[in-house]
1. Going through segment A:86-110 one residue at a time, which ones are hydrophobic (A, V, I, L, M, F, W, C), in contact (Cβ under 8 Å) with a residue 12 or more places away in the chain and touching a helix residue (DSSP H, G or I) at 6+ places or on another chain (Cβ under 9 Å)?
2. So, C:THR225, is that one open to solvent by 40 Å² or more (accessible area, probe 1.4 Å), under 20 Å from the mean Cα position of the chain (by Cα), among the hydroxyl-bearing types (Ser, Thr, Tyr) and assigned by TED's automatic domain parsing to the domain that holds C:ALA122 or not?
3. So which residues in segment B:90-113 are surrounded by fewer than 20 Cβ atoms within 10 Å (Cβ to Cβ) and closer than 14 Å to B:GLN175 by Cβ, if there are any at all?
4. Out of curiosity, is C:THR165 in a loop (DSSP other than H, G, I, E, B), touching a helix residue (DSSP H, G or I) at 6+ places or on another chain (Cβ under 9 Å) and away from chain B (no Cβ under 14 Å)?
5. Taking A:ASP83, is it in contact (Cβ under 8 Å) with a residue 24 or more places away in the chain and within 17 Å of A:ALA171 (Cα to Cα)?
6. Within 11 Å of another protein chain (Cβ to nearest Cβ), in contact (Cβ under 8 Å) with a residue 24 or more places away in the chain and not in a helix (DSSP H, G or I): does that describe C:VAL53?
7. Check whether at least one residue in segment B:260-268 is on the phi > 0 side of the Ramachandran plot and in the same structural domain as B:ALA171 (by TED's automatic domain parsing), and report yes or no.
8. Return a yes/no flag: does segment D:74-81 have any residue that is crowded, with 18+ Cβ neighbours inside 10 Å, modelled with pLDDT under 95 and of a type outside the set (Phe, Trp, Tyr).
4 protein chains.
Amino acid sequence: MTATGQFVLTLSCPDRAGIVAAVSNHLAGQGGNILEAQQFGDAETGRFFMRLVFEDTERDLAALEAGFDAFAKQFAMQWTLRDRGQRRRVMLLVSKFDHCLADILYRWRIGELPMDIAGVVANHPRETYRHLDLDGIPFHHLPVDHRSRTDQEAALTRLIDESGTDLVVLARYMQILSNELARKLAGRCINIHHSFLPGFKGARPYHQAHRRGVKLIGATAHFVTAELDEGPIIEQDIERVTHADTPEDLIRIGRDIERRVLARTLRLYLDDRVLLNGAKTVVFHS
Amino acid sequence: MTATGQFVLTLSCPDRAGIVAAVSNHLAGQGGNILEAQQFGDAETGRFFMRLVFEDTERDLAALEAGFDAFAKQFAMQWTLRDRGQRRRVMLLVSKFDHCLADILYRWRIGELPMDIAGVVANHPRETYRHLDLDGIPFHHLPVDHRSRTDQEAALTRLIDESGTDLVVLARYMQILSNELARKLAGRCINIHHSFLPGFKGARPYHQAHRRGVKLIGATAHFVTAELDEGPIIEQDIERVTHADTPEDLIRIGRDIERRVLARTLRLYLDDRVLLNGAKTVVFHS
Amino acid sequence: MTATGQFVLTLSCPDRAGIVAAVSNHLAGQGGNILEAQQFGDAETGRFFMRLVFEDTERDLAALEAGFDAFAKQFAMQWTLRDRGQRRRVMLLVSKFDHCLADILYRWRIGELPMDIAGVVANHPRETYRHLDLDGIPFHHLPVDHRSRTDQEAALTRLIDESGTDLVVLARYMQILSNELARKLAGRCINIHHSFLPGFKGARPYHQAHRRGVKLIGATAHFVTAELDEGPIIEQDIERVTHADTPEDLIRIGRDIERRVLARTLRLYLDDRVLLNGAKTVVFHS
Amino acid sequence: MTATGQFVLTLSCPDRAGIVAAVSNHLAGQGGNILEAQQFGDAETGRFFMRLVFEDTERDLAALEAGFDAFAKQFAMQWTLRDRGQRRRVMLLVSKFDHCLADILYRWRIGELPMDIAGVVANHPRETYRHLDLDGIPFHHLPVDHRSRTDQEAALTRLIDESGTDLVVLARYMQILSNELARKLAGRCINIHHSFLPGFKGARPYHQAHRRGVKLIGATAHFVTAELDEGPIIEQDIERVTHADTPEDLIRIGRDIERRVLARTLRLYLDDRVLLNGAKTVVFHS
């Protein structure tokens, strides 16, 4: 961990007059200097969301948390505070399609994704990924079929817990998590679905898209919930296709969309820009 | 009608070796010079599609049609031949949302859309559109409610027939055609749906999109069929939205998508670039 | 003017610790409730920019300005404060190409652009725009050639001053303002240039683009300065083109880009989201 | 080489009536079945361009070439004929920025880019690329400085010649080829420039873009010519940026644009879809 003296605060609470000023005031009173602040009041739900980046060279995380706790209670705030020098631990789950994994690893190596990799979990053996440099990354082969599902998920859960994983990324994992695991990982498990949701949920979305004759295909990064492909959407993107594109062309074009949508989502998440708002997200872009 | 000496031939038939050469040869043998040719063989259905633009300064449309008929029969072709100087007659159907109508009228006046307007049919009185210049365009007020639907559609059908309408455009018409009328207008009635189909079919798609929390919204131009929002898709486009956009913002942003998707579709159609392929379309872009 | 009780404050000043908190605190101390706040510290120039929307149901604009003045001096702030119910007066300058004008008028009529139109100034007679509804809008025909330029600009300047114009929009005006007038209108005159600046400055950019064989064309909205096509850029967009597109096709495709870029820019400006930062802009998107 | 029985013919010649029919006819007469045909007549230069894919299960490349030669002479055609099973040999030149190289290698391994890699030439030692799997790929370290430029280029030229390289790709090579080498490689050397040409030619384009305050940045793939950044453009793309993006952000965002533009260009080239048209290109998209 590198000491940066920079902290990110995210919070949500019932909306009411004066929150922005009160939070700003509280941080300033503690000696913090606000570098960025973004907020959103959801008129429908009456809920307020905020993200602040501030500098405090005198206090550490524990002291700041202690200072903020009493304040936050007055507003019934749900909040997180993170030292920007503290990297999150990310577990990458992958199937035989490794384009998202390869892309994430490359970006991580050149410094685009400030995180530690807690491990790679694959339902194929390491040999499948021999062209990728996995040096120094814990690799776990957890094969799965319909009989072994429960055991495999128990092993996966242990890995997540024991490795201190903060975020689980389904990087084209192609397996459905049990409701139990989905619930356990609520808000910290991201999936990349290879369609422009809510269109083409479920299996083989590119084949569905081809059959329907759409002129654009897409990909969607969302939080995993117990309901398949219904989790809060974080980021989406599309590419143009034509009648001449076969399902295989859509799969190829789709790979590009999937990896850039997932990479963007990961950067947003790692910078505390993604907040849950019921079945939706608040995403504070820079 | 302006004599251009240019003709557009579109055709589809069972695929087999030699079609491209046979068609090229036939036209050349008749004295035609091919300016553009595009083709597509659908490997799934075994059907072949072609669009040709050619010049023939000696023959007129009737002579060319007579010459092509026997040839086409050998290949069991479905085909159309159009003199490029012959403008199609387009009937525009509109509800109180007139942004697509205003856009089409403007583009038509400055020469972007080579067509004749057979008329405007609205379920609101002419006064509703007083800011639009409808000079010289037949305007028909056909109000509709659940009791008058049958009578209104009978009147509409008469207008379409009597005006020699080639194409009907539902420019945010907001009424569902009867199965009977949809079938009568098969392949010559285009709707603009205000969502990225197949997501958010049916009513109030922007409200559906807002509820789902998508990060992109879209619009879809498609042929009208008896099944609501299931017709062959011709063109789609999207815009990025955020958590801060209200349903009203989506409606506003959507207006821009709708009008450009519909205008592009109309240009494509008027240039004989849109061919039906079962429940899908073949769109030959330039 | 509609009383909304909502105000927009924009400011810039030398960056230093504590500004966000100080401004929030000041407004809250005056009884204001902050609804939106966005800020940006330019690390290169050491300058800080902020936009706040707040509600104050007790004070009016004059009282708020008086209250803010002394505070602002401590930070050497340049600032503006606007009652959101107070519409800006916009003068539209146009040449024979009226697609941007037609688009702006339509959006204005349906309520997309909260402004008053101070007038339309054209170098072609009103008859040129007969298909547009200019009812109730002051129209001024100010023809111009190389001999009359000085007189024409004097007349234009008078119109701007006498009509209480806040913002001048060159909606494809196709005339170059004198340095003197450009300086007078600094920060309140917007031009739409029909290229992706800094590419293709000057005359006939679509012909330049065609000659160079680019695969994308664009449009740029920027503040007008004395240096041609060098003013601070506010917004840009592009469309894909191909080798088959003629200069006339580029002009047609470009019209769509121009009008949407200019409309977006106008909305951003009218909502006080565009701040000048030397030769660049800070644009606070929602 | 895999026998596919499929061939791609590209040609250009002075435009005149009857070319499409004559070519179709010639191929059909030889027993070929046309699968795809695209053509373009450049009205400005009077030059005609065509790309055909056809199937011929009886003749091999040599026989087809012999058969086409006499025919082509009648039309003064420049032409190439390629057996689709015959992969091109591509030499990749790279500097320390290896994101384009990593991307090309990944796509090549999973079968997206049908080519053989003739070698990788780098001005940094192999150790620089240790995270990339270069197994089985000839790697050449050719360091260069201002004194060694001539020698280095002689070595590079030898490598190109001896390896039977068909296409040279400057995958962020960051060195300027001599006029002599540029001329030698005319039409078979592609560069990815990290700006939206013709904006920001030359060095450090992202820093130039940041200074100008543009709202979109881009990348451009073009053929290399003796004039720096002036070669015929093949493909371009852009991403949206904001005032808050630093030059380093632009470099990061730009990496994504560069690699997808270069990958698309490579696919187009490998499928014989890119034809030279003087200082421009004709690109036949599918």
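1. Let us first name the residues in segment A:86-110 that are hydrophobic (A, V, I, L, M, F, W, C), namely A:90-94, A:97, A:100-102, A:104-105, A:108, A:110.
Next, from what is left, pick out any that are in contact (Cβ under 8 Å) with a residue 12 or more places away in the chain: A:90-94, A:97, A:100-102, A:104-105.
Correct list: A:VAL90, A:MET91, A:LEU92, A:LEU93, A:VAL94, A:PHE97, A:CYS100, A:LEU101, A:ALA102, A:ILE104.
2. The answer is yes for C:THR225.
3. Matches in segment B:90-113: B:SER95, B:LYS96, B:PHE97.
4. Working: in a loop (DSSP other than H, G, I, E, B): yes; touching a helix residue (DSSP H, G or I) at 6+ places or on another chain (Cβ under 9 Å): yes; away from chain B (no Cβ under 14 Å): yes.
Yes.
5. Details: in contact (Cβ under 8 Å) with a residue 24 or more places away in the chain: yes; within 17 Å of A:ALA171 (Cα to Cα): no.
Answer is no for this residue.
6. yes
7. no
8. The answer is no; no qualifying residue exists.
The values are calculated or read from the model by the stated rules, or taken from the named source; none is laboratory data. Because the structure is a prediction, the values reported are computed rather than measured. Reconstructed Cβ throughout: ideal geometry from the backbone, glycine too, with neighbour counts over all protein chains shown. Heads up: the accessible areas ignore ligands, DNA and RNA and are worked out on the full protein's heavy atoms, side chains in. Shrake-Rupley method; radii C 1.70, N 1.55, O 1.52, S 1.80 Å.
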